[in-house]
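Worksheet: one structure, shown below.
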Amino acid sequence: MLSFQSSKNVLSLTEDLLVRIYELLAAESDRKSFRLVCREFRRIDTLTRRHLRVIRIEFLPILLRKYPRLQSLDLSACPRIDDGVVSLLLTRVGPGSNSPILGHWAWGLKSLVLSRATGLRFSGLEMLARACPCLESVDVSYCCGFGDREAAALSSAVGLRELNMDKCLQLTDVGLAKIAVTNESLHSIASLLKLEVLGLMACPLIDDVGLQFIERGCPSLKVIDVSRCEGVSSSGLIFVVRGHRNLLELNAGYCLSELSTALLHQMKNLNHLEVIRIDGARISETSFQVISANCKSLVEIGLSKCLGVTNMGIMRLVSACINLRVLNLTCCHSITDAAISAIAYSCRSLVCLKVESCNMITEKGLCQLGSFCLLLEEIDLTDCCGVNDKGLEYLSRCSELSSLKLGLCTNISNKGLSYIGFNCLKIHELDLYRCTGIGDDGLEALSNGCKKLRKLNLSYCNEVSDRGLGYIGRLEELSDLEMRALHKITGVGLEAVAVGCKRLADLDMKHCEKVGDSGFWALAYYSKNLRQINLSYCGISDMALCMVMGNLSRLQEAKLVHLSNCTVEGVELALRACCVRIKKVKLFAPLRFMLSSEILEILHARGCIIRWD
């Protein structure tokens with residue numbers, strides 16, 4: 001009677017109340033559970049869903065018809081999309097006048113992710129831009145064939161505010177001019193006066209001449225990323241800075257040889273600058289003086305691999321920029337505990353600190369961080385050989401810690417890890433790569449306290465055995481596990497992980513030679529959410545490989561190099577079992593001449609990228 005009454009109460013809720021309940025569900029897993037309750041809840045999901053990431057392109061027409069009110073569409077997992085598919089999606093489907101018009105889905109779309117859509121060209125882009133009147137953000141990063149014609153095609157999106165063209169290798173200054181010069185052509189992206197974010201990372205044909213156009217265009221520009229643009233120098237950045245005094249974010253990582261005096265002079269006018277990344281540049285004490293004196297609104301600064309970074313420079317910087325929340329000092333080898341103490345004392349709001357390969361940091365610096373930076377959420381201590389168990393005890397006072405990287409810290413043991421397990425209950429990412437002092441006891445403490453752990457790296461932790469993997473199996477939210485070369489584990493340990501970690505999506509177990517087929521069978525049966533797997537140098541058999549590749553219905557990427565117990569026929573059969581959904585596979589190079597041309601053609605036709613090792 002009670003259950004009937006409860007059910008009646010739920011079903012009597014009005015549509016607006018159900019929508020409000022649905023909107024309070026932040027996790028995608030919770031929303032999935034919601035829409036599986038009943039038809040009415042599924043209808044609410046259809047009416048309310050605003051974001052969609054498509055994994056398999058063949059379901060795209062059905063999904064777009066099902067969710068007509070999308071504001072964000074991510075097609076980055078559909079590399080086979082091309083101009084023909086776009087034309088189909090924007091016109092009637094099927095014969096007859098009663099066919100639904102899929103083009104309706106585009107009317108309210110604000111964000112479109114086309115990253116890695118290598119088959120899409122300027123005509124498809126232009127169709128999309130014209131069909132989406134509300135479009136504000138487009139991501140075509142890693143579309144290596146994109147160039148000036150594709151840049152011009154995006155000009156039809158008159159409301160565009162954010163454009164990401166990272167790794168668009170064919171883009172030149174001509175295309176960049178079309179983004180920057182205003183009102184010269186209806187087919188010019190320059191008419192996009194609302195453009196606020198421009199990403200050009202690793203575009204090798206962009207240089208200072210192209211950035212000169214930016215000075216005279218894009219009046220609303222607030223964020224620009226020219227990192228790894230080899231042709232860009234301080235002169236080009238001067239054009240950008242001079243034309244945009246209200247710039248909020250400047251990313252020039254790994255494109256400057258040094259921070260020139262002329263550029264520093266122009267930066268004095270960037271009073272509103274919040275983020276600057278100049279990774280890889282040579283920087284002087286004068287640079288720190290100018291930045292600290294004029295850019296007091298900074299919340300993030302990137303100095304990774306910068307030459308000339310000293311304790312004194314960092315002290316001068318943090319004494320003025322007290323609102324810093326993110327600081328990257330990766331490979332700044334001169335940094336010592338003195339600089340870390342100054343950071344801890346001045347930047348009490350710090351949430352992210354990266355000090356990889358800063359070998360002179362010891363427990364003294366970590367003591368200061370644990371005393372003053374209580375809001376710290378992320379810290380990278382990779383290859384900091386001065387970190388020990390006592391340092392981890394101090395660091396564990398940062399109870400908000402969510403990401404901790406300790407790779408190559410060979411002076412830590414199970415005792416130090418137990419401090420993290422007992423006190424850092426919010427941690428969701430932990431990197432213990434080659435921490436040879438970590439074993440099963442440390443993983444026990446970790447599994448007892450860090451229940452929210454989602455990403456874990458145990459590669460080359462040689463003391464971990466099946467008992468340790470049994471503790472890992474208790475981490476129900478674990479989605480990413482790297483455990484290369486764990487020579488003490490067998491199928492028993494892998495089975496414990498497969499049974500307990502139902503959300504596991506990425507598994508790397510390269511060189512785990514002692515794992516038998518029983519573990520792989522468990523993986524094929526229980527790990528239904530796996531999307532990426534590395535089985536290279538494992539002792540898996542033909543039958544087990546076919547079961548893994550065939551049963552894992554969400555698998556998109558697999559590395560299958562040097563499977564000594566598998567035959568050519570077994571590998572081919574496994575590829576046939578997953579060819580419908582696999583998007584990237586890495587195979588042993590000699591197989592290129594042993595596998596049938598038919599299976600290779602099938603994989604290529606379905607957009608699968610094959611790498612030969």
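The values are calculated or read from the model by the stated rules, or taken from the named source; none is laboratory data. What you see is a predicted model; the values in this text were computed from it and never measured. We place every Cβ from the backbone using ideal geometry, glycine too, and count neighbours over all the protein chains shown. Ligands, DNA and RNA are excluded from the accessible area calculation, which covers all protein heavy atoms including side chains. Shrake-Rupley method; radii C 1.70, N 1.55, O 1.52, S 1.80 Å.
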Whichever residue in the stretch 416-437 is more than 18 Å from Leu504 (Cβ to Cβ) and not in a loop (DSSP other than H, G, I, E, B) and, among such residues, is most open to solvent (accessible area, probe 1.4 Å): Phe422
Whether any residue in the stretch 515-527 is aliphatic (A, V, I, L, M), farther than 20 Å from Ala485 by Cα and open to solvent by 70 Å² or more (accessible area, probe 1.4 Å) is what I want to check. no
Report whether or not Ile21 is among the β-branched types (Val, Ile, Thr) and open to solvent by less than 70 Å² (accessible area, probe 1.4 Å). no
Hey, Asn534 within 26 Å of Ile599 (Cα to Cα), crowded, with 20+ Cβ neighbours inside 10 Å and either in contact with a Cys (Cβ under 9 Å, 6 or more places away or on another chain) or in the same structural domain as Lys586 (by the TED database) (or both) or not: yes
Restricting the stretch 391-413 to residues that are open to solvent by less than 40 Å² (accessible area, probe 1.4 Å) and either among the hydroxyl-bearing types (Ser, Thr, Tyr) or in a helix (DSSP H, G or I) (or both), the residue that is nearest to Val464 (Cα to Cα): Ser413
So if I check each of Arg116, Arg121, which one is touching a residue at least 24 places away in the same chain (Cβ under 8 Å) and on the phi > 0 side of the Ramachandran plot? Arg116
Residue selected from the stretch 237-258 under the condition over 19 Å from Val299 (Cβ atoms) and at pLDDT 90 or above, by the criterion nearest to the chain's Cα centre (by Cα): Tyr254
In the stretch 220-229, how many residues are out of contact with any strand residue (DSSP E or B) (no Cβ under 6 Å at 6 or more places or on another chain) and either within 16 Å of Cys144 (Cα to Cα) or open to solvent by less than 10 Å² (accessible area, probe 1.4 Å) (or both)? 4
Okay, strands (runs of 3 or more DSSP E) sitting entirely in the stretch 194-272 with 1 or more residues that are closer than 23 Å to Glu285 by Cα, I get 249-251
Being in contact with a Lys or Arg (Cβ under 6 Å, 6 or more places away or on another chain) and either crowded, with 18+ Cβ neighbours inside 10 Å or within 27 Å of Asp380 (Cα to Cα) (or both) is true for just one of Gly243, Gly236, Gly253, Gly217. Which residue is that? Gly253
Okay, helices (runs of 4 or more DSSP H) sitting entirely in the stretch 276-389 with 1 or more residues that are in contact with a strand residue (DSSP E or B) (Cβ under 9 Å, 6 or more places away or on another chain) and under 30 Å from Ile438 (Cβ atoms), I get 337-346, 363-372
Among (1) more than 22 Å from the chain's Cα centre (by Cα); (2) open to solvent by 40 Å² or more (accessible area, probe 1.4 Å), where does Glu482 come up short? (1)
Just to be sure before I move on: is Leu298 within 29 Å of Tyr142 (Cβ to Cβ), surrounded by 21 or more Cβ atoms within 10 Å (Cβ to Cβ) and either of a type in the set (Val, Ile, Thr) or in contact (Cβ under 8 Å) with a residue 24 or more places away in the chain (or both) in the structure I sent? no
